[in-house]
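Here the structure comes first, spelled out in structure tokens, and everything after it is commentary.
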Amino acid sequence: MPWFPGTAGTLLAVPLSLALNRIAAASMALSLLTLIAFVMGAGWFCQKAEEIFHEKDSPRIVIDEIAGFLLANFLSPAELMPAAAAFLLFRFFDIVKVFPAGPAQRLPGGAGVILDDLIAGCYAFLVLRLLFYWGLV
């Protein structure tokens, strides 16, 4: 099942995301710094993993999914319903690869591994914000 490694990685991200959102409730600056540091570290790990596995965007690399989901659910209430909505939205956008995610995935190295997930995370973040605004989540 080609969707499973990404789903497993995203599930791993849920408790991390809830913790990050609790940090955001106390300190926006610290949570933003934490998110940026995680994304930068994840990009580095993706680059190293590609070098080790000798495979483009190996399904064994899931830190990119974690980074994308952290972005998708960033600043949401640290509750189950928003996390579930972010999970579904992120998986949708990650699988569908809405432009420019598809071309970004073809970039060489770690950038190509993580950028498509960050783009999916951005799309999910924006849709989730709309759902909050409309009172649907």
Computed over the chain: longest principal axis from alpha-carbon atoms vs helix 80-96 long axis, angle to nearest 10 degrees, is 30
What list of ³J(HN,Hα) couplings, whole Hz, do you get for the stretch 7-22 from phi and the Karplus terms 6.51, -1.76, 1.60, once you set θ to phi - 60° and write x for glycine and proline? 5, 4, x, 5, 4, 4, 6, 4, x, 5, 5, 4, 5, 4, 6, 5
Carbon plus sulfur fraction of accessible area for the stretch 70-137, probe 1.4 Å, in percent: 79
So how far apart, in nm, are the two label points at residue 37 and residue 111 if each is 7 Å from Cα heading toward Cβ? 2.5
Using only helices, what value at 222 nm comes out for the chain when you add -39,500 (n - 2.57) per DSSP H run of length 4 or more and divide by the total residues, to the nearest 500 deg cm²/dmol? -26000 deg cm²/dmol
Which net charge results when you count Lys and Arg as +1 and Asp and Glu as -1 among the other residues whose beta-carbon is under 11 Å from that of residue 56? -2
How much length would be gained if the chain were fully extended between residue 122 and residue 88, taking 0.36 nm per residue of separation minus their Cα-Cα distance, in nm to one decimal? 10.9 nm
Mind jotting down the distance between the C-alpha centroids of the stretch 66-81 and the stretch 14-29, whole Å? 9
Once 35, 130, 12, 80 are ranked on solvent-accessible area with the largest value leading and a 1.4 Å probe, the list reads 80, 12, 130, 35
Heavy-atom surface of the chain, accessible at 1.4 Å and reported per residue (Å²): 53
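Can you tell me how much longer the chain between residue 95 and residue 130 gets when fully stretched, taken as 0.36 nm per residue apart minus their C-alpha distance, in nm with one decimal?
Additional length available on full extension: 10.5 nm.
The values are calculated or read from the model by the stated rules, or taken from the named source; none is laboratory data. Quantities reported herein were computed from a predicted structural model and do not represent experimental measurements. Reconstructed Cβ throughout: ideal geometry from the backbone, glycine too, with neighbour counts over all protein chains shown. Heads up: the accessible areas ignore ligands, DNA and RNA and are worked out on the full protein's heavy atoms, side chains in. Shrake-Rupley method; radii C 1.70, N 1.55, O 1.52, S 1.80 Å.
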